[in-house]
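Since the structure comes first, as structure tokens, the remarks are kept for the end.
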Amino acid sequence: MSLVRSNVFDPFTGDLWSALQRCPVFNPSIAPSEETSSFADVRVDWKEVAEAHVFKADLPGMKKEDVKVEVEEGNVLKISGERCGEKDDNDGKWHRVERSSGKFLRRFRLPGKVKVDQVKATMENGVLTVTVPKEEVKKPEVKAIEISG
């Protein structure tokens with residue numbers, strides 16, 4: 001009885017190894033194209049508190065001028081921007097390229113009613129914080145009804 005080895009994490013499996021060799025991250029001699037240079041993997045935390053929705057995005061090394069925060073369609077928060085890659089002066093040999101560069105875009109559909117005209121964004125130490133205030137929910141008025149009879 002022979003054992004067939006099938007493991008996607010095995011780098012010696014033909015197709016996976018070939019794919020890795022064509023990837024600029026694993027083979028720096030290949031210049032990244034427009035499509036492979038984008039990094040959609042911006043990490044965002046979303047927390048809802050009593051008065052607002054708070055979003056925190058990790059954007060290390062980015063300036064606030066490189067990031068755009070918008071509200072579309074009245075309830076879709078859009079965070080986008082571009083991180084410029086390292087300028088290659090052809091002096092030296094790259095051994096590893098792991099930091100991502102390129103354009104990114106994240107969209108979040110906001111539940112319920114929000115105050116889009118009062119959205120605030122701040123950037124500090126590579127963390128973008130966007131606060132989207134919620135509209136106050138009016139408690140239904142309770143009217144006592146007198147019972148006759």
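The values are calculated or read from the model by the stated rules, or taken from the named source; none is laboratory data. On a predicted model such as this, the values are computed, not experimentally measured, just so you know. Positions of Cβ are backbone-derived with ideal geometry, glycine not excepted, and every protein chain shown enters the neighbour counts. Ligands, DNA and RNA are stripped out before the accessible areas are found, and what is left, the full protein with its side chains, is counted by its heavy atoms. Shrake-Rupley method; radii C 1.70, N 1.55, O 1.52, S 1.80 Å.
Brief remarks follow.
- Residue 47 sits with roughly 130 Å² accessible to a 1.4 Å probe, with DNA, RNA and ligands left out of the calculation.
- Rolling a 1.4 angstrom probe over the range 58-149 with all protein chains present gives an accessible area of which 47% lies on carbon and sulfur atoms.
- Only one residue of 140, 59, 116 has its Cα farthest out toward the positive end of the dipole of the range 44-149, where Lys and Arg carry +1 and Asp and Glu -1 on Cβ, and that residue is 140.
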